[in-house]
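Read the structure below first, then the notes.
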């Protein structure tokens, strides 16, 4: 049959040209469709990766306090979670630049950045801005802890109180406990008023077992007494953690076991006193540390209230865990940012983060940075007003801001 078909084609070649041509065209169109489909799928996948920067991107802060710290990392099926803080700053020429501070140590997907955008390995870009590993400040809570309990006491050292130890007309100092999660993000818990009578005041608050929290200090807000300054001693003692099942406050029978929190004697604490009067702040007498315990224990001078002044003076005693000197901040800049700001690698620039000005060195550059420039790409914003983007390491940023009392930064996604 094959020989016969060949003989027929050789006698009348034009009769078979049509079917052969249709066969060739159909195969070619099929291959074109397959290629275009693969190209379109790859393009859509690349755009999705660029827009999200991770397998799952959740926009919006987690909110809450230490009870919700690191909650996303503890969800079933989540291999790793990396918090980020996104903001904008003004650039030259009236343009707006995006700032992304990302925990690069936990961003194990590398923002899904393609090597052609990074000019090489994305991990190399992250390593250029990552800080050196350092011990965590304060005392770290056990991983399975769900509630923290501790005692606070404030005692008048001098002059010695006569009669009643507490003036009923005097508002007691208000204490706030400072914490920090494993990403370096700060948290605050309002412990409430602590009478100046030397008696321990129990404090209890819920924490997230997945947060990897550490207690990094306390703040004591007060109003100085009239007429004469006092020496007062504030101390933290008997720190415990509840592990296992935790119960709502006031319920009985379902709370887990209490364990003392091990506190190393190598933990050091720094303290400062600030007095605010008529909107101006001035430093107070330096507090004095008591003993060598690994827990906060300081004697401080309250300052004195002036009877002639109609506006009350307020004081803030801030005790924080000692930290090593923060490393200089480094940033990865997009080519667009370098071009529109007329900057180059190695330049130092000032950025405003959490209301504070920080100095940043431009260490690396990339063509584009995933998750940035969305308004420009969609046409919702004027491309001429877009000033590019910068990538910083969130841990490095929090280390710098931790030394500034007015700085509060949180994860926005």
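Here's the yes/no breakdown for (1) out of contact with any strand residue (DSSP E or B) (no Cβ under 6 Å at 6 or more places or on another chain); (2) modelled with pLDDT of 85 or more; (3) surrounded by 14 or more Cβ atoms within 10 Å (Cβ to Cβ); (4) under 30 Å from residue 336 (Cβ atoms):
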| residue | (1), (2), (3), (4) |
| --- | --- |
| 1 | yes, no, no, no |
| 63 | yes, no, no, no |
| 70 | yes, no, yes, no |
| 87 | no, yes, yes, yes |
Inter-residue pairs, beta-carbon under 6 Å, first outside the structural domain of residue 92 (by TED's automatic domain parsing) and free of Cβ contacts under 8 Å to residues at least 60 places away in the same chain and in the stretch 342-363, second surrounded by fewer than 18 Cβ atoms within 10 Å (Cβ to Cβ) and not in a strand (DSSP E or B), 6+ apart = none
Residue 16 vs. criteria touching a strand residue (DSSP E or B) at 6+ places or on another chain (Cβ under 9 Å) and either at pLDDT below 85 or in a helix (DSSP H, G or I) (or both) = no
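Which strands (runs of 3 or more DSSP E) does the stretch 167-231 wholly contain that include 2 or more residues that are over 17 Å from residue 154 (Cβ atoms) and out of contact with any helix residue (DSSP H, G or I) (no Cβ under 9 Å at 6 or more places or on another chain)?
Those strands (runs of 3 or more DSSP E) span 214-222.
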What about residue 294, is it surrounded by 13 or more Cβ atoms within 10 Å (Cβ to Cβ), farther than 18 Å from residue 173 by Cβ and at pLDDT 80 or above?
-> yes
Matching residues in the stretch 97-122 - criterion: being loosely packed, with under 15 Cβ neighbours inside 10 Å and under 21 Å from the mean Cα position of the chain (by Cα) | 108
Here is a list of conditions, (1) assigned by TED's automatic domain parsing to the domain that holds residue 116; (2) at pLDDT 90 or above, and residue 317 meets all of them except one; can you say which number that is?
-> (1)
Return a yes/no flag: does the stretch 19-36 have any residue that is at pLDDT below 85, surrounded by 10 or more Cβ atoms within 10 Å (Cβ to Cβ) and part of a loop (DSSP other than H, G, I, E, B).
-> no
Is the stretch 247-258 home to any residue that is at pLDDT 80 or above, surrounded by 15 or more Cβ atoms within 10 Å (Cβ to Cβ), within 30 Å of residue 323 (Cβ to Cβ) and touching a strand residue (DSSP E or B) at 6+ places or on another chain (Cβ under 7 Å)?
-> no
Kindly indicate whether any position in the stretch 130-152 is closer than 20 Å to residue 413 by Cβ, in a helix (DSSP H, G or I) and not assigned by TED's automatic domain parsing to the domain that holds residue 235.
-> no
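The values are calculated or read from the model by the stated rules, or taken from the named source; none is laboratory data. Predicted, not measured: the structure shown is a model, and the values here were computed from it. Virtual Cβ from ideal backbone geometry, glycine too; neighbours counted across all protein chains shown.
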